[in-house]
Amino acid sequence: MLMKNGEEVPGAFADALNDDAYTAVVFAKMRPSCQQEYVLRASKAKCDDAGQSCLQSILSEIRKYGQRHKIAAPENNRVV
């Protein structure tokens, strides 16, 4: 998955985004500065249980961002 600035989203964060179609759509529609902020936070998360908890928290925040900005969920929960 690529950010709007052309950079690749790091591994575990990209996997987590791709597991949730709505979160992936919201992330793709974010401003580049917002995408960068979430990627930075995800890259600082540890790869242990606390890191997974942190990733889930970040994904939850992205979903809330989508709701605040009225970003519609993809049909059939699939990203096209």
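The values are calculated or read from the model by the stated rules, or taken from the named source; none is laboratory data. Being a predicted model, the structure only gives us computed values, none of them experimental. No Cβ is skipped: glycine too gets one built from the backbone with ideal geometry, and neighbour counts run over all protein chains shown.
Quick test of your reading of the structure: Val26 fulfils all but one of (1) part of a helix (DSSP H, G or I); (2) among the β-branched types (Val, Ile, Thr); (3) at pLDDT below 90. Name the failing condition by number.
(3)
So is Arg63 part of a helix (DSSP H, G or I), at pLDDT 80 or above and farther than 16 Å from Asp19 by Cα or not? Walk me through how you get there before you give the answer.
Working: part of a helix (DSSP H, G or I): yes; at pLDDT 80 or above: yes; farther than 16 Å from Asp19 by Cα: no.
Criteria not met by Arg63.
Report, ordered by the first and then the second residue, all pairs with beta carbons closer than 7 Å, sequence separation of six or more or different chains, a first member in the range 4-29 that is within 16 Å of Arg68 (Cα to Cα), and a second member that is among the hydrophobic types (A, V, I, L, M, F, W, C) and crowded, with 20+ Cβ neighbours inside 10 Å.
The qualifying pairs are Thr23/Leu17; Thr23/Leu59; Thr23/Ile62; Ala24/Leu17; Val26/Ile62; Phe27/Leu17; Phe27/Ile62.
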